[in-house]
Amino acid sequence: MDELLPALPEDWERCLAVAAHPDDIEYGAASAIARWTAQGKQVTYLLATRGEAGIDAMHPDQAAPLREEEQRAGAREVGVDVVEFLDHRDGVVEYGSDLRRDIVRAIRRHRPDVIVSGAFTVRMVGGMTNQADHRAVGLATLDAARDAGNRWIFPELVDEGLPPWGGVRYVCFAGAERPTHGVDVTGEPLQRGIASLAAHAE
């Protein structure tokens, strides 16, 4: 039998979960988030898009508000009250300074100790091919975690009243091709994570 992964340290208070689309967090990290909110930790969701291109039979103008509401409902199932959207275009999210700046802005505002995102590699766990938006957002999140602590990167954010935040201790990637740490979600956290995924009924 394979050895269990080492447990991710949990001696921290605030987490920012960053994803490309509604339901991405639910497929990778929601049960862990349920465990953490039950411990009293503060978790905030940041979505790069509203998932408007995610329902083939529904026009994006209709899909966006529906998927936004499903994301908020899924977040509530795991104890997350704050869900923010960046309004990048679903399906064609571009890695670059605009995306990095948007994520840095959120990091400086929420001041997380831990950031959770999705894998940014071409392959995910199990060899599954990763989607372009996931890769762009994951890599931008990794870079933004460092950028957030440097006052000379995006100095305009200081003018917005957002000083540097260098307090990110870990950046964690759900679905990584070669995982190094795990979170025990046995019992109630797993059930709450399943309920959060079920909130994405459409």
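The values are calculated or read from the model by the stated rules, or taken from the named source; none is laboratory data. Computed from a predicted model, the values in this text were never measured in an experiment. Cβ: placed from backbone, ideal geometry, glycine included. Neighbour counts: every protein chain shown. Just so you know, the surface numbers come from the protein's heavy atoms only, side chains and all, with ligands and any DNA or RNA stripped out. Shrake-Rupley method; radii C 1.70, N 1.55, O 1.52, S 1.80 Å.
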At 0.36 nm per residue, and after removing the present C-alpha to C-alpha distance, how many nm does the segment from E69 to E84 gain when stretched out fully? 4.3 nm
Out of E77, E26, E177, a Gaussian network model of the chain with alpha-carbon springs under 10 Å gives the largest mean-square fluctuation to E177
Give me the 1.4 Å probe accessible area per residue for the stretch 29-95, excluding ligands and nucleic acids, in Å². 47
I'd like the carbon and sulfur percentage of the solvent accessible area for the chain, probe radius 1.4 Å, heavy atoms only, ligands and nucleic acids excluded. 51
What whole number of Å gives the distance from the Cα centroid of the stretch 1-30 to the Cα centroid of the stretch 91-146? 14
If you stretched the chain out fully between Y27 and D61, how much longer would it get, using 0.36 nm times the residue separation minus the C-alpha to C-alpha distance? 9.8 nm
So what are the ³J(HN,Hα) numbers for the stretch 125-138, from phi and the Karplus equation (6.51, -1.76, 1.60; θ = phi - 60°), rounded to whole Hz, Gly and Pro as x? 4, x, x, 5, 5, 8, 7, 4, 4, 4, 5, 5, 5, x
Please label the shape of the stretch 31-151 as rounded, prolate or oblate, based on the square roots a ≥ b ≥ c of the eigenvalues of the alpha-carbon gyration tensor (a/c under 1.5 means rounded; beyond that, a/b larger than b/c means prolate, else oblate). rounded
The chain, helix-only ellipticity at 222 nm - DSSP H runs n ≥ 4, -39,500 (n - 2.57), divided by all residues, nearest 500: -11500 deg cm²/dmol
Assuming a ≥ b ≥ c are the square roots of the Cα gyration tensor eigenvalues, decide whether the chain counts as rounded (a/c under 1.5), prolate (otherwise, with a/b larger than b/c) or oblate. rounded
Using a 7 Å offset from the Cα along the Cα-to-Cβ direction at both Q39 and R76, what is the distance between the two label points in nm, to one decimal? 2.6
Could you tell me whether the stretch 110-191 comes out rounded, prolate or oblate from its Cα gyration tensor? Rule is a ≥ b ≥ c as square roots of the eigenvalues, rounded for a/c under 1.5, then prolate if a/b exceeds b/c, otherwise oblate. oblate
